[in-house]
Amino acid sequence: MGIAIKGIVPRAFGNHDNCSSTWCGYKQNPHNYTHNELPNGKDLHGESLQQALQESFEEYSSDTVTVKLAPCMNSQRNESLNGTIQKP
């Protein structure tokens with residue numbers, strides 16, 4: 001799960017090197033791919049934005065957090081998020 005979380009930011013900036021062809025639309029059809037989750041389906045850009053996002057996602061890809069996320073602590077989104085964010 002940590003590897004998947006670490007791949008979110010590069011993917012948003014157009015780097016699909018670590019994506020799997022089983023789920024990545026870019027790997028399946030790179031010529032017609034557009035992001036569903038990003039404005040106008042375009043890659044994000046800007047080194048400072050990428051660095052800031054990467055730093056934010058680093059915390060959530062740590063072993064401590066992924067252990068909490070992996071079992072899907074609770075089906076209630078808010079409770080799951082709260083359980084993940086709370087420090088021991």
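Treat every Asp and Glu Cβ in region 1-48 as -1 and every Lys and Arg Cβ as +1, leave all other atoms uncharged, and give the resulting dipole magnitude about the Cα centre to the nearest 20 debye.
Details: 4 positive and 4 negative charges, 22 e Å.
Result for region 1-48 is approximately 100 debye, rounded to the nearest 20.
Taking the Cα-to-Cβ direction at Asn15 and at Ala70 and moving 7 Å from each Cα, how far apart do the two end points lie in nm? Result: 2.5 nm between the two label points. Multiplying the residue separation of His35 and Ala52 by 0.36 nm and subtracting their alpha-carbon distance yields 4.1 nm.
Using the Cβ atoms and a cut-off under 13 Å, what net charge is assigned to the surroundings of Gly7, where Lys and Arg are +1 and Asp and Glu are -1?
For residues surrounding Gly7, the net value is +1.
Any read-out appearing in this document is the output of simple, stated calculations on the displayed coordinates, not a laboratory observation. Remember, predicted model here, so these are calculated numbers, not experimental data. FYI the Cβ positions are ideal-geometry reconstructions off the backbone, even for glycines, and counts take in every protein chain you see.
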